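The values are calculated or read from the model by the stated rules, or taken from the named source; none is laboratory data. Owing to the predicted nature of the structure, the values given are computational and were not obtained by experimental measurement. Here the Cβ is made from the backbone with ideal geometry for all residues, glycine too, and neighbour counts use every protein chain on show. Note: accessible area is taken over every heavy atom of the protein model, side chains too, but ligands, DNA and RNA are not part of it. Shrake-Rupley method; radii C 1.70, N 1.55, O 1.52, S 1.80 Å.
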Amino acid sequence: MLGVGSMGGAILHGLVRHGAERIAVTNRTAEKAAAIELDGVESIALADDPDGNARAIAGAKLVVLGVKPVGIVDLAREIAPHLAADAVVVSIAAGTTTASIEAALPASVAVVRAMPNTPSTVGLGVTGVAGGSRASDEDIALVARMFEAVGEVIVLDESQIDALSTISGSGPAYVFLLIEELTKAAERMGFTAEQAATMVQGTFRGATELLAADETGASPAELRRRVTSPKGTTEQAVGVLQAADLGGTFDRATTAALARAQELAAG
Ligand SMILES: NC(=O)c1ccc[n+]([C@@H]2O[C@H](COP(=O)([O-])OP(=O)(O)OC[C@H]3O[C@@H](n4cnc5c(N)ncnc54)[C@H](OP(=O)(O)O)[C@@H]3O)[C@@H](O)[C@H]2O)c1
């Protein structure tokens, strides 16, 4: 894994938790490299070993590129001569197409694009996985298996990956924003910051756990109806939220994110 920052680190910890070993990882700085102390993981700093990327990928079947989008194609070019002929290269970079990475690599090397999200850190991620033009079903399955170590995986066509990113990639930010706003509303009602945090975070967690645990397969709408008695208090609040056109607001938000992804892809 070349480039182990916040996202790469989440994936790496999940893999190690699942017993993966014989992993080599690189970062540029010695501090970053030294901070990764995990069984079965060799952590290399390029500052100490300028050929570290080549060394890390020698003979590797699976190579994950975890650097920022701006550095992905340059990194692909740098490692191209050192990759095993049957390697599968996985990019987690937002807005970088498999075609642009394929163009920098030998024709025998498959490229798979993945869009994880930050709850991967706690093993509850959602990752979209899309194969490039040279990726076989086995290559895609191998990459999907890797991301299953940190949550759920959706295999899809690359044409849908930016759309997935507007939902699950950016989605944790939407949830945190809702939590922030409801917390502020609680504080405006006179609760302390601590009380507000307990109420709001406990409610978000409790509601999503309730949804996940429901054995009857009840939909979110059904679970919402169960807390909304006719002519009751919740009905009043939900009416106000619906009048604010949450659906239309989410459409505009995800459309704006999609437009930005397309802008980034166009350079
Ligand atoms: N964060 C998210 O929510 C999220 C979600 C989905 C996808 N992604 C994608 O994940 C990728 C990484 O994002 P991030 O937030 O994890 O960034 P990050 O924390 O900055 O991590 C990038 C890491 O790459 C290292 N690096 C830079 N150039 C390198 C090179 N040439 N060789 C080896 N390592 C190198 C950096 O090491 P030094 O610090 O030592 O320079 C750093 O640790 C991005 O492409 C992003 O689009 C992120």
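At-a-glance table
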{"read-out": "First in region 41-63 and exposed (fewer than 15 other Cβ atoms within 10 Å of the Cβ), second anywhere and among the aliphatic types (A, V, I, L, M), Cβ under 7 Å, 6 or more apart", "value": "47/30; 48/30; 55/44; 59/84; 61/84; 61/87; 61/88"}
{"read-out": "Selection status of residue 149, within 17 Å of residue 91 (Cβ to Cβ), assigned by TED's automatic domain parsing to the domain that holds residue 19 and of a type outside the set (Val, Ile, Thr)", "value": "no"}
{"read-out": "Condition met for residue 219 (within 20 Å of residue 171 (Cβ to Cβ) and either under 23 Å from the mean Cα position of the chain (by Cα) or not assigned by TED's automatic domain parsing to the domain that holds residue 96 (or both))", "value": "yes"}
{"read-out": "Checklist (1) loosely packed, with under 14 Cβ neighbours inside 10 Å; (2) farther than 27 Å from residue 160 by Cα; (3) within 10 Å of the ligand (Cβ to nearest atom) applied to residue 79, failing item", "value": "(1)"}
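Residue by residue, here is whether (1) in a helix (DSSP H, G or I); (2) within 14 Å of the ligand (Cβ to nearest atom); (3) not assigned by TED's automatic domain parsing to the domain that holds residue 144 holds:
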site	(1), (2), (3)
21	no, no, no
36	no, yes, no
70	yes, yes, no
74	yes, yes, no
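Here's the yes/no breakdown for (1) of a type in the set (Ser, Thr, Tyr); (2) open to solvent by less than 80 Å² (accessible area, probe 1.4 Å):
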position	(1), (2)
142	no, yes
147	no, yes
189	no, no
198	yes, no
